[in-house]
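Input: a single structure, listed below in structure tokens.
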Amino acid sequence: MLIESLVKSTVELQGFRVTTVNYDGDQLEAKLAPDRRYLPCCGQCDRPAAYRDTRRPRRFRHVPLWGIPVDLCYSPRRVNCEHCGGIHVESLPWVSGKRRFTRALMVTLATWARVLTWKQVAVLFRCSWGTVAAAVDEAVSHGLAHRDLSGVTHIGIDEISRKRGHVYVTNVYDLNTQVLLWSGEGRGLQTLEAFFNFLGEERSARLQGVCCDMWQPYIDIIQTRAPQAVLVFDKFHIVQHLTQAVDQVRRDEIRDKGAEHKALMAKTRYIWLKNPWNLTDGQRVRLSELETLNLKINRAYLLKEAFREFWDHGPAAFAKLYLDRWFWWATHSRLKPLRDFAWMLRRHQEGLLNYFRMPIDNGIVEGLNNKAKVISHKAYGFRTAKCFIQNLYHCMADLPLPRTMHTFV
Ligand SMILES: [Zn+2]
């Protein structure tokens, strides 16, 4: 009797009962029967309806017990439904639609898919990859429909590449709760439009801060769709642009000065780009040697290091003074990449200084993006962007899972 109670405690069974549980050496089979105190419910409209006939027995895979596969066996009834008219198979509370897996098993698959690859889950539970995909799909749809977005006030926009830089996915994060809010294919105007359509006017109006890269299409859309929000350009993106500019100076100089300079510059790339406190002792010595040579790259390096202090020069009015000085220096440096960078900052100065009015940045996004990269790496078989995005939601959006009788920790 104990085993019947066990099965019963893991399956949604109102209106049904477990009659017997058999073990044949390979698997447990629990036979279910209707509880005669309840009328069957129509599978279409879920309302009680008159019994008509009984169909052939169906089997449903349930969560394995002690590693032993468990099957539920039940002969569904058909009903004459007067509410929606016609003959329908009754609704079965332990399963959704025509699935061969119980809801509890689907949730179990989805739960494991948060930590293992879909393929591993499929092997572990002896089901197909497609079933795991379906389980994640169900869990995500449920989670998206049941999550609470009322407290979203500060968001960060970022993009990641899938398939080595060929396909882009734009992610929007909630900077307060540090979870993924929305993810969409592409990285253009339309993608961000799609996000705001999803968010809706009311919630867009509640946004207080938006953090993103200095990119005109983004800026235009944010200013149209959430004009009240303070637009802050992301510190990390800015540093990334600056690093790229410094690296461009290094490459230009190598190109202009030829082979001898190339030899001199061998293995110095990270010396110029890394934060000074991350340099090894050897690199530090090398840097001090190179600093005496009056190289363009050295001037770029000094500009980069000087810009670091900008972030400590709040409030905004003081930061602006610092930025003006730095701008003058950069634009008179005769280093084109740095000059371009300086002009880019000047064009986006307001959003840059907004950092001192609302200090938000996409720092947390960095960590989440690494997680996304892990997901895309371990994701065998994510041929479509949809699967990939589903998995991002599944692993990074902290979505509520469907509740089942059986909960897993
Ligand atoms: Zn009906």
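Annotations
- Fully extended contour minus Cα-Cα distance, from Lys267 to Gln349, at 0.36 nm per residue: 26.0 nm
- Angle between the chain longest axis and helix 189-205 axis [Cα atoms, degrees, rounded to 10]: 70 degrees
- With coordinates expressed along the principal axes, the C-alpha atoms belonging to region 81-220 extend over 57, 42, 26 Å, beginning with the largest.
- Normalised by residue count, region 161-249 yields a Cα convex hull volume of 111 Å³ per residue.
- Only Cα pairs under 8 Å and 6+ residues apart enter the sum, and on that basis the relative contact order of region 154-229 stands at 29 percent.
- Measuring between their Cα centroids, region 153-231 and region 235-278 lie 31 Å from each other.
- For Arg47, residues with placed amide H under 5 Å, excluding near neighbours: Cys42
- Annotation: the residues Cys127, Cys84, sorted from fewest to most other C-beta atoms within 10 Å of their own C-beta, follow the order Cys84, Cys127.
- Take the Cβ atoms of Thr153 and Asp252, set R0 to 41 Å, and the FRET efficiency comes out at 0.40.
- Each residue of region 123-135 was assigned a 3J(HN,Hα) from its phi angle through the Karplus expression (A = 6.51, B = -1.76, C = 1.60, θ = phi - 60°), giving 5, 4, 9, 6, 9, 7, 4, x, 5, 5, 4, 5, 5 Hz with x at Gly and Pro.
- The DSSP beta bridges internal to region 122-213 are antiparallel in roughly 80% of cases.
- Scattering profile of region 235-357 at q = 0.13, 0.14, 0.18 Å⁻¹ [log10 I(q)/I(0), Debye over alpha-carbon scatterers]: -0.54, -0.62, -0.95
- Given charges at Cβ of Lys, Arg, Asp, Glu: the chain dipole, positive-most of Pro40, Thr131, Ile389: Thr131
- Only one residue of Ala113, Trp94, Tyr51 has its Cα farthest out toward the positive end of the dipole of region 29-131, where Lys and Arg carry +1 and Asp and Glu -1 on Cβ, and that residue is Ala113.
- Angle between the chain longest axis and helix 316-331 axis [Cα atoms, degrees, rounded to 10]: 60 degrees
- Note on the chain: antiparallel DSSP beta bridges, both residues inside, total approximately 75 percent of the bridges counted.
- Nearest-ten-degree value, helix 385-396 long axis tilted from longest Cα axis of the chain: 90 degrees
- Set Lys267/Lys371; Lys235/Lys371; Lys235/Lys304; Lys98/Lys373 screened for pairs whose C-alpha atoms are more than 23 Å apart: Lys267/Lys371; Lys98/Lys373
- Here the contact order of the chain, divided by its residue count and restricted to Cα pairs under 8 Å and six or more residues apart, works out to 15 percent.
- Two-decimal log10 I(q)/I(0) for region 279-339, as the Debye equation yields it once each C-alpha is a single scatterer, q = 0.12, 0.17, 0.25, 0.27 Å⁻¹: -0.38, -0.67, -0.99, -1.06
- Vicinal HN-Hα couplings computed from phi for region 55-61 (Karplus, 6.51 cos²θ - 1.76 cosθ + 1.60; Hz; Gly/Pro x): 8, 4, x, 10, 10, 10, 6
- Close amide H contacts of Arg58 (hydrogens built in the peptide plane, cut-off under 5 Å, sequence separation of 5 or more or a different chain): Tyr74, Ser75.
- HN-Hα J in Hz across region 111-119 - Karplus 6.51, -1.76, 1.60, θ = phi - 60°, x for Gly and Pro: 4, 5, 5, 6, 10, 10, 6, 4, 5
- Expressed as a whole percent, the proportion of Cα-Cα pairs in the chain lying more than 37 Å apart is 45%.
- Here the calculated FRET efficiency for Glu260 and Leu189, from their Cβ-Cβ distance with R0 = 45 Å, stands at 0.45, rounded to the nearest 0.05.
- Under the convention that each Lys and Arg Cβ holds +1 and each Asp and Glu Cβ holds -1, the size of the dipole of region 1-128 around its Cα centre is about 300 debye.
- Summarising the amide proton neighbourhood of Trp182: residues at separation of 5 or more, or on other chains, whose placed amide H is nearer than 5 Å comprise Val172.
- Arg58-Asp398 FRET efficiency (beta carbon distance; Förster radius 30 Å; 0.05 resolution): 0.30
- Calculated P(r) tail over 19 Å for region 1-100, as whole % of Cα pairs: 42 percent
- Computed over the chain with a Gaussian network model linking Cα atoms closer than 10 Å, the most mobile of Val121, Val249, Val230 is Val249.
- Most fluctuating residue given options Ala110, Ala372, Ala33, as computed from a GNM of the chain linking Cα atoms under 10 Å: Ala33
- MRE, 222 nm, helices only [DSSP H, n ≥ 4, -39500 (n - 2.57), over the chain, to nearest 500]: -14500 deg cm²/dmol
Bear in mind these aren't lab numbers, they're just calculated from the coordinates by the rules spelled out. For clarity, every value in this text was computed on a predicted model and none was experimentally measured. Cβ sites come from the backbone with ideal geometry, for glycine too, and all protein chains shown count toward neighbours.
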